[in-house]
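Bear in mind these aren't lab numbers, they're just calculated from the coordinates by the rules spelled out. Quick caveat, the model's predicted, so the values are computed rather than measured. Note: ideal-geometry Cβ built from the backbone for every residue, glycine included; neighbour counts use all protein chains shown.
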Amino acid sequence: MLSCGGRIAAAVLALALSGTIHAASPAPDTIKVGHYQVQMATLGSGNYTVILESGFGRDMGVWRNVAPALAKSAKVVAYSRAGHGKSDARPEAPTIAARTDELEQLIATAGLKPPFVLVGHSYGGFLVRSFAVRHPEQVAGMVFVDSSDEAFNVELRKLDAAAVDKDNKLTEQFVPPKFHAELRSVQAVLDSGKLPFAGTLPDVPVAVLTSVQKREQPQLFLETPAAVQVWRGLHERFFRAFSNGSHIVTAESGHNIHQEQPQLVVSAVEGVIAAAESMRIKRVREGARAELLRRLEQGGSDAEMAQALEASGFGEADLNRIGYELLGPRKQPVLAERLMKANAGKFSTSDNVQDSYGEVLLATGKPLEAKLQFMKAVTLAQAQGKDDKVLAGYRANLAKAEQALAR
């Protein structure tokens, strides 16, 4: 893990011990981005594009058990950062900013389109956050897989500074030379406890996955129960910054949750996509409602009002609900009458809509017109075999209209 705090350290040790990284399935391709070849695989299709960010020192192969499952319902993109896997190395210092630049360039060159759901493991979580701060309007959701926290080392030092230093030295010994520059960049973040970019993350659906697996014989301080508790607490604090999402804690896998419990990650990503879609639909409906109210306020012919209702995409129940809101809480009876009249014309065979229009007419002091609507409602209900309770309600309204006329 270093944590990237101490958490990258465990990931680095795993990298060193594993020797090679398996290729992704299906076989990845390469794409030329600027002057460099980038290893990338694109799977599936869908309204959302899931971009997978690997942890420190890892290539795209670590997602081989996650990407194919996600591709059943979304477009999935896995890639290897410069100097990883089959991607060409670059001369630029591998900072968080430079890695974010790489992702931006890949997205532009490959023609990837938002909305994006970004998934970051360990150090990849920093890159997800960096991109999301730069492009909040493109990000529909984020998933953090045992993601790094910039405050981890700072908090661990409060417990045992010497043990943290020992972890760091051990990490440096196992990191392949080609990753030393990036390790120094990450270590600078961990030492300061601050990320090298400022900005607010978009408040989109998130999933935070946290490993709290117990080690019988911890080899590193960051694997001790006290350190794991700090790790969990930092993840909880990070999660609380969002209004929509889930915090998933597992003791069944270590830092590499996506490799040890891939279905847990798949389910988390699918949940974020579902939540993002719900938010999208809500925004669309809110926009349609605002536009409908604007056109009602403008007024116009019956044909224009009918066109406004059609354009809104709302069904009769939704339109009825909006009409009652206009009549009641919003106290806009004129708009309520316009809406209900158009709704009664659009759904001319609906007994409920005719009755609702009658109620609005009665409330606005038009008992004769209301009586006619209630009579329509009764006739339609009888023809359609509606039950006695429904008919009784319509007849009660009809009686109210007749009483108003008799005054």
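Tallying residues that are in contact (Cβ under 8 Å) with a residue 24 or more places away in the chain and either among the polar types (S, T, N, Q) or in a loop (DSSP other than H, G, I, E, B) (or both) within the range 159-184 yields 4. Residue under question is Glu277, and the condition is that it be over 22 Å from Lys341 (Cα atoms) and either without any contact (Cβ under 8 Å) to a residue 60 or more places away in the chain or hydroxyl-bearing (Ser, Thr, Tyr) (or both); does it hold? Here the answer is no, as Glu277 does not meet what is asked.
Mind checking which residues of the range 135-153 are closer than 18 Å to Ala241 by Cβ and outside any loop (DSSP other than H, G, I, E, B)? Within the range 135-153, Pro136, Val139, Ala140, Gly141, Met142, Val143, Phe144, Val145, Phe152 qualify. Of all residues in the range 338-365, those that are in contact (Cβ under 8 Å) with a residue 24 or more places away in the chain have Cβ atoms under 7 Å from Cβ atoms of residues that are among the β-branched types (Val, Ile, Thr), 6 or more apart or on another chain, in Leu339/Ile322; Asn343/Val353; Ala344/Val353; Phe347/Val353. Among the conditions (1) surrounded by 15 or more Cβ atoms within 10 Å (Cβ to Cβ); (2) closer than 30 Å to Ala276 by Cα, Asp167 misses just one, which is (2).
Number of residues in the range 101-123 that are closer than 18 Å to Asp59 by Cβ and surrounded by 18 or more Cβ atoms within 10 Å (Cβ to Cβ): the value is 9. Candidates are the residues of the range 306-350 that are of a type in the set (S, T, N, Q) and in a helix (DSSP H, G or I); the one that is nearest to Leu380 (Cα to Cα) is Asn343. The set of residues in the range 28-82 that are on the phi > 0 side of the Ramachandran plot and either surrounded by 19 or more Cβ atoms within 10 Å (Cβ to Cβ) or among the hydroxyl-bearing types (Ser, Thr, Tyr) (or both) contains only Gly57. Scanning the range 172-183 for residues that are buried (at least 17 other Cβ atoms within 10 Å of the Cβ) and within 28 Å of Ala198 (Cα to Cα) gives Phe179, Glu182, Leu183. Here Gln187 clears all of (1) over 24 Å from Gly254 (Cα atoms); (2) part of a helix (DSSP H, G or I) except the condition numbered (1).
Considering only residues that are surrounded by fewer than 16 Cβ atoms within 10 Å (Cβ to Cβ) and under 20 Å from the mean Cα position of the chain (by Cα), look in the range 243-266 and name the one that is farthest from Val62 (Cα to Cα). Can you show your working first?
Going residue by residue through the range 243-266, those that are surrounded by fewer than 16 Cβ atoms within 10 Å (Cβ to Cβ) are 243-244, 249, 251-252, 263.
Filter once more, so that each one left must be under 20 Å from the mean Cα position of the chain (by Cα): 243-244, 249, 263.
Values: Ser243: 30, Asn244: 28, Val249: 20, Gln263: 14 Å.
That would be Ser243.
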